[in-house]
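Just below is one structure, and these are the notes that go with it.
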Amino acid sequence: MSEQVTQLTCEGIKKLATDLIEVYESRKTTPEVETQQYDSEKRFYDQRIQDLERLLYTAQPIQEGSRKGVITIGSTVTLLDTFLEEAETYMLVHPVEASPAMRYLSIDSLLGKELLLRKKGEQVSVSLYGDTIKYNILDVN
């Protein structure tokens, strides 16, 4: 069975590896008392370990930057909110890495989907709760 490649930033790969180690350690410290709660926790840890291992097994560092000005995963994009007249810069990433605090935008988000394969100078629109938000693409790296 061929696994699909999961493109992640180097920081994202490191974080997944750290998370995996933490889950391994947490599983070790769970008392082995045969109870329904223990069985539930064991299943949770086993599933989380399996998920993290699969992501790490298929992980490939993304090439940060755009391909000839086209927005792809790993691109850093500066957008102008045309209503607020404020510019924000985001990096498009795999959904497991999405983080508003770090300005990592998931390629599966509404805005992320609209940005993919666009270029500098284009305008994108996102409809949310009946309102439409328009963004101008100011820069693509």
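Quick notes on this structure:
- Every condition in (1) acidic (Asp, Glu); (2) modelled with pLDDT of 95 or more; (3) in the same structural domain as Gly12 (by TED's automatic domain parsing) holds for Glu114 except the one numbered (3).
- On inspection, Ser26 passes the criterion of being small (Gly, Ala, Ser), in contact with a helix residue (DSSP H, G or I) (Cβ under 9 Å, 6 or more places away or on another chain), surrounded by fewer than 17 Cβ atoms within 10 Å (Cβ to Cβ) and part of a helix (DSSP H, G or I).
- Residue selection: Leu55 fails the criterion of being among the aliphatic types (A, V, I, L, M), at pLDDT 95 or above and under 19 Å from the mean Cα position of the chain (by Cα).
Each row is one residue, and each column tells you yes or no for (1) small (Gly, Ala, Ser); (2) not in a helix (DSSP H, G or I).
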| position | (1), (2) |
| --- | --- |
| Asp39 | no, no |
| Gln50 | no, no |
| Gly74 | yes, yes |
| Leu92 | no, yes |
| Val124 | no, yes |
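- Flag for Ile21 being over 30 Å from Gly121 (Cβ atoms), in a helix (DSSP H, G or I) and in contact (Cβ under 8 Å) with a residue 12 or more places away in the chain: no
- Among the residues of region 94-122, those identified as in a loop (DSSP other than H, G, I, E, B) and of a type outside the set (D, E, K, R) are His94, Ala98, Pro100, Ala101, Met102, Ile107, Ser109, Leu116, Leu117, Gly121.
- Some residue of region 58-70 being at pLDDT below 95, in contact with a Ser or Thr (Cβ under 9 Å, 6 or more places away or on another chain) and among the basic types (Lys, Arg): yes
- Leading residue by the ranking (nearest to Cys10 (Cα to Cα)) among those in region 76-90 that are outside any strand (DSSP E or B) and touching a residue at least 12 places away in the same chain (Cβ under 8 Å): Thr82
- Residue within region 80-103 that is out of contact with any strand residue (DSSP E or B) (no Cβ under 6 Å at 6 or more places or on another chain), closer than 27 Å to Glu22 by Cα and either modelled with pLDDT of 95 or more or β-branched (Val, Ile, Thr) (or both) present: yes
- Only residues that are of a type outside the set (S, T, N, Q) and either within 12 Å of the chain's Cα centre (by Cα) or buried (at least 18 other Cβ atoms within 10 Å of the Cβ) (or both) were counted in region 61-113, giving 24.
- Only one entry of Leu16, Leu8, Leu56 meets the criterion of being more than 30 Å from Lys134 (Cα to Cα) and touching a residue at least 60 places away in the same chain (Cβ under 8 Å), and that entry is Leu16.
The values are calculated or read from the model by the stated rules, or taken from the named source; none is laboratory data. None of these values were measured; they are calculated from a predicted model. Quick reminder, even Gly has a Cβ in these numbers, built from the backbone with ideal geometry, and neighbours come from all protein chains shown.
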